[in-house]
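Below is one structure, written out as structure tokens; the observations come after it.
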Amino acid sequence: MSTRENQASYQAEEPTTAPKIEKDVLNGSDRNEELFASNPNVLEVEKADPEDLQRIRGDAIGDTLYSERFVLNILLKLSKLEKNLQEEEEMEKDLCTLWDMTLDVDMIEYLLKQDVLTLFAEVIKATNDKRLTEILVGILANMCDLKKTRDELCLQESQLVEVLLDLSGCLDALTLQQLMRLWAVIFVKSPTEHIEKWYDLVCKDGQFIENICFILNNAINHKVLSQTLETLNAVLAKFALLDNPAKNFTELFIKSEVINATMEAFNTILTDNAGQENDTDELEKKEVKIKQTFCNIHSILTQYQQYSEEAYAAHSEDILLCMKKILKPLALEVDLDTWQTFELDVFETLSDLLEILPRCFDPHLSSYLIKIWLKFLQTQHSASTEFEEELNHQDLSDKCLQLLLLILTEASNAELQENLKTVQSENKGRFLKSVEKLEKNGCVVKAYDKIKNALGE
């Protein structure tokens, strides 16, 4: 059974079924590779005669055909479990079945009535069984898709919240993957009026953000890294909306350690992907998703003026290197009509970064932006497309040019001449006219004069 992919960069993962066993610790080692069966207690409707169907429904949970007795038996056995699941194969299968069942709302509501949040908190806190913890956290992540579960966790200050926050310090990759999925669901889907409460709970824990940074710095499991970046993105996006948080947002998030951790995770994923022989469409989609998440995170972290400037001060060269890894493939694309909001987000993030980083000339960044601008120049608009409804080619072209000018203002005349060689003689005039049309500010005026001299116009 496979996990469903995220549908958007800022969107919680869909609830999942019990996955196939994989690497189990942060950096390696295997668990049993057996793939567990689906629920044996659900009788297929088409195979049941009316009399059997009526009897089954008498023991059914809600509108499902899931057996109430079967579920209660699992919970009872769980409360008395003393051995590891490695020694309790049947119990492991039953728990995986319960995980599959939590795709159903009726099942989640039933489990809440059985006070499983308290039961799971006690079991997770008491056990050292990584597989058991992974399964229970996976079930909880599915349950958090339902508002009633999130409300109970937040408003009633369930002891489970403390257990789950503490669990972010574990070293088991599979558990962390489910845990980060759980937190992403909570922060993406929780209403604004609950966010301050969640903020207070996270601040009270004290270690959650440090643990997030540790995971991003040290994990090599791509699923863990991707999901943790998604979680950080969701946390930042919601917490940034708070007006007067108990603990200053800048103190908690706008710091060098967070920036460095995101770059470490980003580079780990992209470096490993570059070594893969088969460049599939699926791999490309995953890379775009990671790049989108990375941009979203830094679009938030750059919004706090002097705090952002101080936090990024030691990472100027490294963060621009990350952005060049994102921008380079865009400079090589042929058809700009396929561009969507991701490409716009890249420009916006680069703009936010250039505003707070020390000004410097970067020939590679400049070269990529020139290539992209030239492609905008060559692009001929055809019939209306989804792209044109959401984005405007001229706006993107202007944004690209503005970014280029920010970089070119710091170049020497020799550097400008070398960098602008790709602007062929027939495009020189159009290039300068495009610059002239931009809204006038000190940067535009300074860059225009330097470029005009460099081009010999």
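The values are calculated or read from the model by the stated rules, or taken from the named source; none is laboratory data. Worth saying up front: this structure is predicted, and the values here are computed from it rather than measured. No Cβ is skipped: glycine too gets one built from the backbone with ideal geometry, and neighbour counts run over all protein chains shown. Accessible surface is based on the protein model in full, side chains and every heavy atom, while ligands, DNA and RNA are left aside. Shrake-Rupley method; radii C 1.70, N 1.55, O 1.52, S 1.80 Å.
Restricting attention to the stretch 143-154, the residues that are open to solvent by less than 10 Å² (accessible area, probe 1.4 Å) and more than 14 Å from F120 (Cα to Cα) add up to 1. When residues in the stretch 314-342 are screened for being without any contact (Cβ under 8 Å) to a residue 40 or more places away in the chain and either among the basic types (K, R) or closer than 24 Å to L236 by Cβ (or both), 3 of them pass.
One residue stands out among those in the stretch 419-428 that are over 13 Å from N453 (Cα atoms) and surrounded by fewer than 19 Cβ atoms within 10 Å (Cβ to Cβ): the one that is modelled with the highest pLDDT, which is K421.
Filtering the stretch 261-275 for residues that are over 19 Å from the mean Cα position of the chain (by Cα) and either charged (D, E, K, R) or surrounded by fewer than 18 Cβ atoms within 10 Å (Cβ to Cβ) (or both) leaves a non-empty set. Screening the candidates S351, S367 for the property of being open to solvent by 10 Å² or more (accessible area, probe 1.4 Å), hydroxyl-bearing (S, T, Y), under 30 Å from E251 (Cα atoms) and part of a helix (DSSP H, G or I) yields one hit, S351.
Go through the stretch 294-341 and give me each residue that's touching a Lys or Arg at 6+ places or on another chain (Cβ under 7 Å) and farther than 20 Å from L404 by Cβ. Correct list: A311 only.
Just one of the listed residues (K399, K433, K450) is basic (K, R), under 19 Å from K375 (Cα atoms), surrounded by 11 or more Cβ atoms within 10 Å (Cβ to Cβ) and at pLDDT 80 or above, namely K399. The helices (runs of 4 or more DSSP H) located wholly in the stretch 256-319 that include 1 or more residues which are under 21 Å from H364 (Cβ atoms) and touching a Cys at 6+ places or on another chain (Cβ under 8 Å) occupy 256-274, 281-301. Residues in the stretch 155-180 that are over 22 Å from the mean Cα position of the chain (by Cα) and not polar (S, T, N, Q) were compared, and the one that is surrounded by the most Cβ atoms within 10 Å (Cβ to Cβ) is L160. Which of the numbered conditions does E109 fail, given that it passes all the others? Conditions: (1) out of contact with any Lys or Arg (no Cβ under 8 Å at 6 or more places or on another chain); (2) closer than 24 Å to S190 by Cα. Only one criterion is unmet by E109, namely (1). Within the stretch 99-128, the set of residues being surrounded by fewer than 20 Cβ atoms within 10 Å (Cβ to Cβ) and in a loop (DSSP other than H, G, I, E, B) comprises L103, D104, Q114, D115, T127, N128. Considering the stretch 306-339, and only residues there that are basic (K, R) and open to solvent by 60 Å² or more (accessible area, probe 1.4 Å), the residue that is farthest from T268 (Cα to Cα) turns out to be K328.
So that you can scan it fast, the table gives a plain yes or no per residue for (1) within 22 Å of L155 (Cα to Cα); (2) part of a helix (DSSP H, G or I):
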| residue | (1), (2) |
| --- | --- |
| L174 | no, yes |
| Q177 | no, yes |
| L182 | yes, yes |
| V188 | yes, yes |
| E210 | no, yes |
| V224 | no, yes |
| D243 | yes, no |
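Among the residues of the stretch 181-198, is any at pLDDT 95 or above, open to solvent by less than 20 Å² (accessible area, probe 1.4 Å) and under 29 Å from K80 (Cβ atoms)? So far as the stretch 181-198 goes, yes, one or more of its residues are at pLDDT 95 or above, open to solvent by less than 20 Å² (accessible area, probe 1.4 Å) and under 29 Å from K80 (Cβ atoms). Scanning the stretch 140-172 for residues that are assigned to a loop (DSSP other than H, G, I, E, B), over 17 Å from Q114 (Cβ atoms) and not polar (S, T, N, Q) yields D145, E157, G169, C170, L171, D172. Screening A237, A219 for residues that are open to solvent by 10 Å² or more (accessible area, probe 1.4 Å) and under 20 Å from A141 (Cβ atoms) leaves exactly one candidate, A237.
Working only within the stretch 63-98, note down all residues that are outside any loop (DSSP other than H, G, I, E, B), buried (at least 17 other Cβ atoms within 10 Å of the Cβ) and not hydrophobic (A, V, I, L, M, F, W, C). Residues satisfying the conditions are S67, E92, K93, D94, T97.
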